Amino acid sequence: QVQLVESGGGLVQAGESLRLSCAASGLVFSDRNIAWYRQAPGKRREWVAAITHEFSTNYADSVLGRFAISRDNAREMSYLQMNNLKPEDTATYYCKFVQYDAWGQGTQVTVSS
């Protein structure tokens with residue numbers, strides 16, 4: 001059974017940083033690509049970043065240069081380091097295995113101006 005548990009969200013001021021964590025299990029973690037998404041109130045869920053099983057990374061233009069995705073295969077964890085946060089980053093953040101339809105409960109990030 002696939003389980004995804006996000007944590008690390010909170011309330012911060014603009015310009016501050018947060019590090020989100022994702023505990024992902026149920027598949028062979030080291031073989032899977034991992035992605036982070038976010039959904040702001042009243043908006044569609046949007047892709048934020050991804051990391052392949054070979055550690056290649058990609059980012060949405062809106063977070064490029066501010067966010068960094070990483071993974072620890074031994075711990076079956078993925079991380080999203082978010083720097084220079086902006087109010088428009090306010091959303092619930094989710095991680096998932098790419099090409100597998102399962103979602104966690106998400107973690108809320110609120111950035112005040």
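The values are calculated or read from the model by the stated rules, or taken from the named source; none is laboratory data. What you see is a predicted model, and the numbers here were worked out from it, not measured in a lab. Cβ sites come from the backbone with ideal geometry, for glycine too, and all protein chains shown count toward neighbours. We work out accessible area using only protein heavy atoms, side chains counted, and drop any ligands, DNA or RNA first. Shrake-Rupley method; radii C 1.70, N 1.55, O 1.52, S 1.80 Å.
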Expected single match for farther than 20 Å from GLN3 by Cβ and open to solvent by less than 60 Å² (accessible area, probe 1.4 Å) among ALA24, ALA50, ALA40, ALA35 is ALA40
Selection from segment 6-21 of residues crowded, with 17+ Cβ neighbours inside 10 Å and not polar (S, T, N, Q) yields GLU6, GLY9, VAL12, LEU18, LEU20
Could you tell me whether VAL5 is in a strand (DSSP E or B) and β-branched (Val, Ile, Thr)? yes
Restricting segment 102-113 to residues that are in a loop (DSSP other than H, G, I, E, B) and open to solvent by less than 50 Å² (accessible area, probe 1.4 Å), the one farthest from PRO41 (Cα to Cα) turns out to be ALA102
Exactly one of TYR59, TYR100, TYR93 is in contact with a Leu (Cβ under 9 Å, 6 or more places away or on another chain) and farther than 18 Å from SER7 by Cβ, and that one is TYR100
Worksheet item: If you go through segment 34-41 one residue at a time, do you hit one that is farther than 22 Å from GLN108 by Cβ and among the small types (Gly, Ala, Ser)?
Response: no
A careful count of residues in segment 59-101 that are of a type in the set (Gly, Ala, Ser), assigned to a strand (DSSP E or B) and open to solvent by 30 Å² or more (accessible area, probe 1.4 Å) gives 2
